[in-house]
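Q: Structure in structure tokens, see below.
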Amino acid sequence: MNKLLAFGASSSKNSRNKKLASYVANKMAPKEAILIDLNEFEMPIYSEDREQEIGIPDKAHEFKKLVNESIGIIISLAEHNGSYTSAFKNIYDWISVIETTVWSNKPLILLSTSDGQNAGKTVLQTALSRFSRQSKQEIPHFSLPNFNENFSDTDGIINKKLSEELDKQISIFSSQVDNLLHSSND
């Protein structure tokens, strides 16, 4: 497929994190990005008992297929009580039983934002710690504080320093995606 997969790790219809993920995807490859909504992948809450009773839901297989077919993954993490949203955690739990290498060794860029100064840094650090255990490469990351002050729907990130910081992380991610594309074409 050779497309970027992008999503905000939130079930909010007006998610700031979905806007940030979309912004980064469009900045990198507007025609080569798929933006998904986690609401399209709603499933029963994961448990081992439920997995034995009903098996792995089709929605989990659909999500994992998107991961496997992508060339890179853009995740903007919303923070609920210092951790992943329940919508994201449930999808993550289900796809981790399909394949232990959850993100299929694809390049990742992790983002977070909120309307506060912390900008979701707690969940971003949790994800970096967890996802880097399976990653063969550095995971670029960026958090955008004070979303409503620093982001415009028409212009994107309006704070020059923050925009430059994001561009550095996108550059790392782009190089990783290019390397994967070249190695798959060899």
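The values are calculated or read from the model by the stated rules, or taken from the named source; none is laboratory data. Keep in mind it's a predicted model, so treat the numbers as computed, not measured. Positions of Cβ are backbone-derived with ideal geometry, glycine not excepted, and every protein chain shown enters the neighbour counts.
Q: Taking the stretch 111-126 as the region of interest, how many residues are under 17 Å from Lys18 (Cβ atoms) and within 14 Å of the chain's Cα centre (by Cα)?
A: So the answer is 6.
Q: Taking only the stretch 27-45 into account, find how many residues are among the polar types (S, T, N, Q) and surrounded by 15 or more Cβ atoms within 10 Å (Cβ to Cβ).
A: 0
Q: Filter the stretch 109-124 down to the residues that are touching a strand residue (DSSP E or B) at 6+ places or on another chain (Cβ under 9 Å) and either over 19 Å from Tyr92 (Cα atoms) or in a helix (DSSP H, G or I) (or both) and list them by number.
A: Thr113, Ser114, Asn118, Ala119, Lys121, Thr122, Val123, Leu124
Q: I would also like to ask the following. If you take the residues in the stretch 127-161 that are under 19 Å from the mean Cα position of the chain (by Cα) and assigned to a helix (DSSP H, G or I), which one is surrounded by the most Cβ atoms within 10 Å (Cβ to Cβ)?
A: Ala127
Q: Suppose the filter is outside any helix (DSSP H, G or I), at pLDDT 95 or above and among the hydroxyl-bearing types (Ser, Thr, Tyr); does Ser171 pass it?
A: So Ser171 does not fit the description; no.
Q: Tally up the residues in the stretch 8-53 that are of a type in the set (Val, Ile, Thr), touching a residue at least 40 places away in the same chain (Cβ under 8 Å) and either touching a His at 6+ places or on another chain (Cβ under 8 Å) or within 19 Å of Ile91 (Cα to Cα) (or both), please.
A: Of the residues in the stretch 8-53, 1 are of a type in the set (Val, Ile, Thr), touching a residue at least 40 places away in the same chain (Cβ under 8 Å) and either touching a His at 6+ places or on another chain (Cβ under 8 Å) or within 19 Å of Ile91 (Cα to Cα) (or both).
Q: Now a separate question. Under 8 Å by Cβ, and 6 or more places apart or on different chains, what pairs join a residue from the stretch 89-100 that is within 20 Å of Phe7 (Cα to Cα) with one that is hydroxyl-bearing (Ser, Thr, Tyr) and assigned to a helix (DSSP H, G or I)?
A: none
Q: (1) touching a residue at least 60 places away in the same chain (Cβ under 8 Å); (2) surrounded by 15 or more Cβ atoms within 10 Å (Cβ to Cβ): which one isn't true of Asn2, the others all being true?
A: Of the numbered conditions (1) touching a residue at least 60 places away in the same chain (Cβ under 8 Å); (2) surrounded by 15 or more Cβ atoms within 10 Å (Cβ to Cβ), the odd one out for Asn2 is (2).
Q: Among Ser143, Ser47, Ser132, which is at pLDDT 95 or above and within 29 Å of Lys31 (Cα to Cα)?
A: Ser143 is the lone residue from the list that is at pLDDT 95 or above and within 29 Å of Lys31 (Cα to Cα).
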